[in-house]
Amino acid sequence: METKELNGPVSDRRSFFKKAAAVVIGGIAGLVPALAGLMVWLDPLRHKAAAGSAVKVTTLDALPADGIPRKFPVLADRTDAWNKYLHVPVGAVYLRRTTGDKVEALNVVCPHAGCFVDFRGDSGQFHCPCHNSTFALDGGIANPSSPAPRGLDSLQAEVRNGEVWVAFQNFKAGQKEKVPTA
């Protein structure tokens, strides 16, 4: 009879520790993904502006009707962690007026190695100083022996109330396909 009384409290104690351990382990197992989800939700680096959103670059009056490309900086608001920077340079574009109020936009970054291209008025071509790639006025590859895998990246441009807006975006260099950067 004494063994039954001794086994009863010992058994209850073991049962209590098993249940307590299960609650603690279950709590930790549920808390880890909950905290990970909370960190992702609160992380301001994950809340980036949509790539390719239109940015006002200049006015239509600043583009002469001669069809010669002009280089313009692209200024936009940028958020980095908890800091917000207003109207900072995020890139540059070449804009040229074609017919009437039509505007073409090209990213200034060479698709070969990411260098900035220059427009040479004497030859009417874009030139990359890094590897001597040349591009036609429309952005296409001018020299077939060019190391560039594709022509200059065209961007969507539109005129709104006399202002030139460009859907600015950078693309990965060194690839034949036009792949946007993150």
(Q) If I model a spin label as a point 7 Å beyond the Cα along the Cα-Cβ vector, how far apart are those points for Asn143 and Asp122 in nm? (A) 1.5
Q) Where does segment 58-124 land on Rg/Rh, using Cα atoms and the Kirkwood Rh? A) 1.06
Q) Applying 1/(1 + (r/R0)^6) with R0 = 45 Å to the Cβ-Cβ distance of Glu177 and Ile25, what FRET efficiency is obtained, to the nearest 0.05? A) 0.40
Q: Compute the length gained on full extension between Ala54 and Val40: take 0.36 nm times their separation in residues and subtract their Cα-Cα distance, giving the result in nm to one decimal.
A: 2.3 nm
(Q) To test your reading of the geometry: what angle, between 0 and 90 degrees and rounded to tens, separates the Cα axis of helix 2-42 from the longest principal axis of the chain? (A) 10
Q. Can you put Ile141, Ile28, Ile68 in order, fewest other beta carbons within 10 Å first?
A. Ile28, Ile68, Ile141
Q. Where the centroid of each part is defined by its Cα atoms, how far is segment 61-89 from segment 146-182 in Å?
A. 14
**Q.** Computed Kirkwood radius, in angstrom, where 1/r is averaged over Cα pairs of the chain
**A.** 20.7
Q) What is the gain in length, in nm to one decimal, between Glu158 and Val32 on full extension, counting 0.36 nm per residue of separation less the C-alpha to C-alpha distance? A) 40.5 nm
**Q.** Ranking of Ser146, Ser15 by count of other Cβ atoms within 10 Å, fewest first
**A.** Ser15, Ser146
Q: Check the cysteines of the chain one by one and keep only those with no other cysteine Cβ under 4.7 Å from their own.
A: none
Q) What is the dipole size for the chain, taken about its Cα centre, with +1 at each Lys and Arg Cβ and -1 at each Asp and Glu Cβ, in debye to the nearest 20? A) 540
Q.
Can you tell me the length gained on complete extension of the stretch Cys115 to Asn83, counting 0.36 nm per residue apart and subtracting the Cα distance?
A. 8.7 nm
Q: Would you calculate a helix-derived [θ] at 222 nm for the chain, using -39,500 (n - 2.57) for each DSSP H run of n ≥ 4 and dividing by the full residue count, to the nearest 500?
A: -8500 deg cm²/dmol
Q | Mean Cβ count within 10 Å, highest first, over the residues of peptides 123-130, 156-163, 33-40, 95-102 | A | 123-130, 95-102, 156-163, 33-40
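FYI, it's all coordinate maths here, none of it is from the lab. Just so it is clear, the structure is predicted and the values come from calculations on it, not from any experiment. A quick note on method: Cβ atoms are made from the backbone with ideal geometry, for glycine too, and the neighbour counts reach across all protein chains shown.
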